[in-house]
Structure formats: C-alpha cells, structure tokens
Amino acid sequence: MSEINLSHTKWMKRALFLASLGNNTTSPNPRVGSVILDKNGNLISEGFHYKAGMPHAEAMAFSNLKKDAKGGSMYVNLEPCCHQGKTPPCVDKVISSGIRKVYISIQDPDKRVSGKSIKLLKEAGIQVHLGLCEKESLELNKAFIHRNITQKSFGVLKWAMSIDGRIGLKNGKSKWITNEESRSLVHSFRAEFDAIIIGGNTLRKDNPLLTTRGLKYPEPLRVVFTKSLDLPLKSNLWDCSKAKTIVIYDSSTANESYLTRIPKCVEVEKVSSDNPELISKILAKRGCNKVLWECGPRLATAAMQSNCVQEIITFIAPKILGGETSMNPFGDFEFAEMNEIIKLSDLRVSLIGNDICIKSSFEN
Ligand SMILES: NC(=O)c1ccc[n+]([C@@H]2O[C@H](COP(=O)([O-])OP(=O)(O)OC[C@H]3O[C@@H](n4cnc5c(N)ncnc54)[C@H](OP(=O)(O)O)[C@@H]3O)[C@@H](O)[C@H]2O)c1
Ligand SMILES: [Zn+2]
C-alpha cells in the first residue's frame, strides 16, 4: 500500500474509532464517526454520533471546526444523510463547506439515503472515494444494516451451560451454572442490546431481572413472548422503575383473561402466531438494531428456525450436571443427516475465571 493510501486508512480508522464511542447509544441510528482535514492534510475537526436526536457525526465535526474546511477532505464511515430527520441533512453541510474530497466506507442501507448523497456530492463537484475500510465498517454497523435490509432486529442468542452441555437440572434448577464473573460480564454485554427476550416459562421459572444493573440508561427493553399468557401476578419484570417491559402474546392460543395479572406500566402487544419472527419485526419497527435472546431451549430453537439469530454467545462452566433428561440449550431440530446440522464459524474464545466464553457466528 502506498504512503498516501496508508494515511487515508489511518484517518478512516480514526473515524471508525470515533463511531465506536456511540456503540451502546446510537440505536436506532447507525454508529458514525467523521474526521475533517484542511487542504494541507492537517486534522482540523472530528465528531461522532452519540444518540438519536443529537447531531450526526458530520454535523458535530462541522461545529467543532477550528479552521476553514475549504479545499479540505472528510472521512466518514457511512454515507452522509440527505433527508431531513430529527436533524438537518449532512450532505448540504458538506457541499456548502467547500470540502473537495470525501472518503466514505459504505453506502447507507437506509432507502431514503442509499447512494443519493454520493450522487449529490459528485454533482457538486466533490471527489467521492467509496470503500475505504469497508470490512470494518460493515462489522461496526452490522446490526443497523441487518435491520434496514431485513426489517428484523439482529439477534444474538446467549446461554450458559455445564461442560456436559446442560443448562439446568431436570427439575428446572439452574442457579448458578456459571461463576460470578461470567454473570456480571453478561450484565455488561446486555448494554450492547436494545432489547432482551425471554419466553413465558423462563419468566415463571427464573423470575429474572434482565437488566445491565445500571450500566446502561435507559436499560434495554425487556420482552416476554408467551403463547399462554399464563404469567405470574408477581414478577421482577413487572417493576417498571428499573426498565421497561413488554409482553407479546400469541392471540391464537392465549387466555386473554390472564391480562389482568399484568400491571398497567407493562406494555402488551398481541401477534397472530407463535412465530418468533414477529417479535423480531416488532422490535425492528421500534428501532431495536440488536436484540439478545436469553430464552430457554424451546423458544431458542424456534428463534433459530425462523432466522432470528445471527450470532451466539455461550458460557461453559467446568461442571457436570448429568442426567438423560436434564435441559439442553436446544430442542430437536429434526436433523436426519450430518450435512444438515448447524455449523459455527468466526469463534472468539476467552477464559472468564474457570468459565469459557465463546462468541460465534453461523458458517455461510
Ligand atoms: N442456562 C441458561 O442459559 C438458560 C437461559 C434461559 C432459560 N433457561 C432455563 O430454561 C427453562 C425454560 O425453558 P423454555 O424452553 O421453556 O424457555 P422459555 O424461554 O420460557 O421459552 C418457552 C416459552 O416461550 C413461549 N413461546 C412463545 N413462542 C414460542 C415458540 N414458538 N416456541 C416455544 N415457546 C414459545 C412459551 O411461553 P408460555 O409458556 O408462557 O406460553 C413457552 O413456554 C427454565 O428452567 C430456565 O431456567 C436457562
Ligand atoms: Zn447526517
């Protein structure tokens, strides 16, 4: 790579770093960072998007400008916007600034923008370079891109199990399989997500809190998916002072007289079947880019079968629970041949005390 290309990469990496400062806060918006250089290639400003309703990365960089940007260049990891949203279009600001070159990693998948801003910049006589650090940019905004393309939230399924692959005893007891360090790591992982989903049975059996324990404000939305609506009168999820909760129920099977058990502060929404895809679509519509499935085997299997899961986080504790009927992370996928089984790739393994944490994606 030439020295010039290296320096372009360096500035785009800086934009990506700035974008990552909004990692847990930008949803439903993308993570974007921007750098402005003057005509001599000196850094004169930078910015990032922190939260929906707050300035976009480019707007923040323009408001931080120390010098005239005329004849300079901009690095931004996502195509600037050209629509009037909660804030004015960034592309107009870029054009009126007199900037001559714009380096963009990837096009915005949002149909209101996609390619249109690049066209406007070119029509204004600005040189546009698309594709710098494309791989890193796609990775950084994979959940936002997934939601825009599929109209479903990017799903991550998490479970904790013993070394013999059990997630609980046959009587349902499972507290605790993993160590304290792993459990507090889960609280911090939750901060990356916009919503956390469980099934009605996990609510009844575990009465979880599903919060980050104050690491994120507001806390991720807590979602209960139920076919029966047979939920308890008392539950940690009914305390809305800590986090919002929504109960989504299948109206074709639920007993709606149970709705009286759910307090008024909890939102309730009905869907027409028990297909987890409906949950993923509802959450995407609410602006949830990334959601965490923390459910038990039955809902986890259904979520996998309906393509609601894109990545997996598994905690493995060096313990043996045994038992032919102890719980597994999944139910039956009805595979008949080994070439039908689900294969994982891109494994990232870490040791958490004596536990092992494996993050993985699906093999294409
Ligand atoms: N070790 C771990 O990581 C971990 C994590 C989560 C849970 N668990 C354990 O798992 C057990 C619960 O397992 P579970 O499989 O019953 O989990 P679940 O998370 O409660 O999911 C099953 C429930 O989800 C609802 N549901 C909605 N749509 C569904 C669909 N299409 N398919 C299946 N269920 C659907 C039903 O609720 P209704 O019955 O209300 O209709 C159903 O009973 C608990 O003992 C819990 O401790 C362990
Ligand atoms: Zn913008």
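The values are calculated or read from the model by the stated rules, or taken from the named source; none is laboratory data. All values derive from a computational prediction rather than experimental measurement. A quick note on method: Cβ atoms are made from the backbone with ideal geometry, for glycine too, and the neighbour counts reach across all protein chains shown. The accessibility values were calculated without ligands, DNA or RNA, using every heavy atom of the protein model including side chains. Shrake-Rupley method; radii C 1.70, N 1.55, O 1.52, S 1.80 Å.
With respect to the conditions (1) in contact with a strand residue (DSSP E or B) (Cβ under 6 Å, 6 or more places away or on another chain); (2) without any contact (Cβ under 8 Å) to a residue 12 or more places away in the chain; (3) aromatic (Phe, Trp, Tyr), TYR217 lacks only one, and its number is (1).
Conditions tested, residue by residue: (1) surrounded by fewer than 17 Cβ atoms within 10 Å (Cβ to Cβ); (2) more than 23 Å from SER280 (Cβ to Cβ); (3) in the same structural domain as LYS205 (by TED's automatic domain parsing); (4) in contact with a Lys or Arg (Cβ under 7 Å, 6 or more places away or on another chain).
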site: GLY331; (1), (2), (3), (4): yes, no, yes, yes
site: ASN339; (1), (2), (3), (4): yes, yes, yes, no
site: LYS343; (1), (2), (3), (4): yes, no, yes, no
site: SER350; (1), (2), (3), (4): yes, yes, yes, no
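Being outside any helix (DSSP H, G or I) and surrounded by 22 or more Cβ atoms within 10 Å (Cβ to Cβ), is that true of even one residue in the stretch 178-189? Checked against the condition, which is being outside any helix (DSSP H, G or I) and surrounded by 22 or more Cβ atoms within 10 Å (Cβ to Cβ), the stretch 178-189 yields at least one hit.
Quick check: is even one residue across the stretch 284-302 closer than 14 Å to ILE198 by Cα, more than 9 Å from ligand 1 (Cβ to nearest atom) and either over 23 Å from the mean Cα position of the chain (by Cα) or not in a loop (DSSP other than H, G, I, E, B) (or both)? Looking through the stretch 284-302, at least one residue is closer than 14 Å to ILE198 by Cα, more than 9 Å from ligand 1 (Cβ to nearest atom) and either over 23 Å from the mean Cα position of the chain (by Cα) or not in a loop (DSSP other than H, G, I, E, B) (or both).
The single condition from (1) closer than 30 Å to VAL91 by Cβ; (2) outside the structural domain of GLY72 (by TED's automatic domain parsing); (3) loosely packed, with under 14 Cβ neighbours inside 10 Å that ASP194 fails is (3). Residues considered: LYS66, LYS70. Of these, the only one that is open to solvent by 70 Å² or more (accessible area, probe 1.4 Å), over 18 Å from LYS10 (Cα atoms), more than 11 Å from ligand 2 (Cβ to nearest atom) and modelled with pLDDT under 95 is LYS66. Scanning the stretch 86-106 for residues that are within 14 Å of ligand 2 (Cβ to nearest atom), surrounded by 14 or more Cβ atoms within 10 Å (Cβ to Cβ) and in a loop (DSSP other than H, G, I, E, B) gives THR87, PRO88, PRO89.
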